[in-house]
Amino acid sequence: MFPSMIVGAETLDVISNGIDGTRNGSMQLMHAEIQLPTPLVPVREYKFIRFCKQHADGKWAVVDFSFDFGRNCPNGDPNMSCKKLPSGCILQDMPNGFCKITWVDHSQYDESPVHQIYRPLVNSGMAFGAHRWVATLKRHCESHAILMSAVPSQDPEVICPSGKRTMSKLAQHMSDYFWSGICPSSASQWDILPINNLRNGDIRFMSRLIQDASGENRSIVLSASTSVWMPVSRKMVFDFLCDAQMRGEWDVLSNGEHEMVHIAKGEEIGNSISILANSGNMLYLQDSWTDSFGSMIVYSPISMESLSMLLNGGDPSFVPLFPSGFSILPDGHSSNNTIIETSSDGSGSSDNDNNNNNNNGCLLTFGLQLQILLDSQPTSKFAYESVESINELISCTIKKVKEALGVE
């Protein structure tokens, strides 16, 4: 439901089961980690109690609240820096078949680890608040409905429904892997690299060791990311980065891309899964979306064999991916904040959906992953050279995006 937000969640204990096998009256002790797609804002970690209650036929309340276990209690965690004050949602069935959702998020947190450029967004309540939960839920439901409503066709150019679902599953896996390399958490398998002697001090590096089934061919994946403020609107940046014909303006590896496969997953232009091909026979899987809170573009090289298998509904779990991409978020200043207004028919609107005012700023994050075979050269040598290469590539990409958008 919330893949771009929830890093991981688990039930630690069931305090009370629901009445007659339902969720009504159930109470659970839970642990969850919530992320913002940037390396400059730490993942929020919560331990809380969740209570579900049915108030009437078709009307439910789900309430979360952190419990102060204390340092000396068996479940106490002195490092837990975030607390959920009474938060949650009310779900109510509507006569027209839609569902009315009222969401409240009330948290206590330490802002000192948050980078200065993200503090306005975090302190506005948008970064982890009700607005983002509702926007993410609405986008997920819309995408699910579109992908599940595919009508079989005899046209060989039309992707079969199972192929669309397989592509969607792989695209989600790619995006999850991309986010894990940007936002370090206890659920990820990345090691943070303490590299401080580069010209761009805000680039964060992580690494992870991978190996094939035989255990003989080992390699390291380096992940690097950075965030910058852009004095242009989020929509302008998203539209520019989504345009395959403009890719050569910012991608140093671009070679005349064009879109050969397009799977829509939302009503907004840009909410889609694509296969991009270039004149050098290189293929990219790209997942992009935008909603009233933020935007994301993630892509990874993919082989023709893997693509053929996916389009025929094959298993996507064996497709190797090393994603790169962008997240684009509002900067949190009042003139650029967005409020969702949802009507009784379930449609949503936003004050800034069509706002292209370049005076509005946004926060752009760029991240990439690079695989290095361990047996190709000594570890001490590849680490330094690879870090330098990634640093140059990230700095060059950000510079090219700024130049193309007329940003000094």
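Looking at region 238-262 only, could you name the residues that are aliphatic (A, V, I, L, M) and within 19 Å of the chain's Cα centre (by Cα)? Hit for region 238-262 is Leu241, nothing else.
When you check Ile275 against the structure, is it within 22 Å of Arg139 (Cα to Cα) and among the β-branched types (Val, Ile, Thr), yes or no? Here the answer is yes, as Ile275 does meet what is asked. Could you grab me the full set of residues in region 279-335 that are assigned to a helix (DSSP H, G or I) and acidic (Asp, Glu)? Once the filter is applied, which keeps residues that are assigned to a helix (DSSP H, G or I) and acidic (Asp, Glu), region 279-335 yields only Glu305. Of all residues in region 228-252, those that are surrounded by fewer than 16 Cβ atoms within 10 Å (Cβ to Cβ), in contact (Cβ under 8 Å) with a residue 24 or more places away in the chain and not in a helix (DSSP H, G or I) total 3.
Selection over region 264-280 of residues that are within 19 Å of Glu305 (Cα to Cα) and modelled with pLDDT of 85 or more gives a count of 5.
Pairs are defined by a Cβ separation below 6 Å, a sequence spacing of at least 6 or placement on different chains, a first member in region 349-374 that is more than 22 Å from Ala404 (Cβ to Cβ) and hydroxyl-bearing (Ser, Thr, Tyr), and a second member that is modelled with pLDDT of 75 or more and surrounded by 12 or more Cβ atoms within 10 Å (Cβ to Cβ); the pairs so defined are Ser350/Ser292. In region 41-58, the residues that are on the phi < 0 side of the Ramachandran plot form Cβ pairs under 6 Å with partners that are in a loop (DSSP other than H, G, I, E, B) and of a type in the set (Lys, Arg), at six or more places apart or across chains, as follows: Cys52/Arg23. On the basis of being out of contact with any Pro (no Cβ under 7 Å at 6 or more places or on another chain), modelled with pLDDT of 95 or more, closer than 15 Å to Gly294 by Cα and crowded, with 18+ Cβ neighbours inside 10 Å, does Arg132 make the cut? It is true that Arg132 is out of contact with any Pro (no Cβ under 7 Å at 6 or more places or on another chain), modelled with pLDDT of 95 or more, closer than 15 Å to Gly294 by Cα and crowded, with 18+ Cβ neighbours inside 10 Å. Would you check if there is a residue in region 29-49 being among the polar types (S, T, N, Q), touching a strand residue (DSSP E or B) at 6+ places or on another chain (Cβ under 6 Å) and surrounded by fewer than 17 Cβ atoms within 10 Å (Cβ to Cβ)? No. The single residue among Ile182, Ile159 that is assigned to a loop (DSSP other than H, G, I, E, B), more than 20 Å from Phe326 (Cβ to Cβ) and either at pLDDT 90 or above or touching a helix residue (DSSP H, G or I) at 6+ places or on another chain (Cβ under 9 Å) (or both) turns out to be Ile159.
The residue that is nearest to Phe128 (Cα to Cα), among those in region 14-52 that are polar (S, T, N, Q) and either part of a strand (DSSP E or B) or in contact with a helix residue (DSSP H, G or I) (Cβ under 7 Å, 6 or more places away or on another chain) (or both), is Gln35.
The values are calculated or read from the model by the stated rules, or taken from the named source; none is laboratory data. In this text the structure is predicted, and so the values were computed from the model without any measurement. For neighbour counting, all protein chains shown are included, and Cβ atoms are generated from backbone atoms with ideal geometry for every residue, glycine included.
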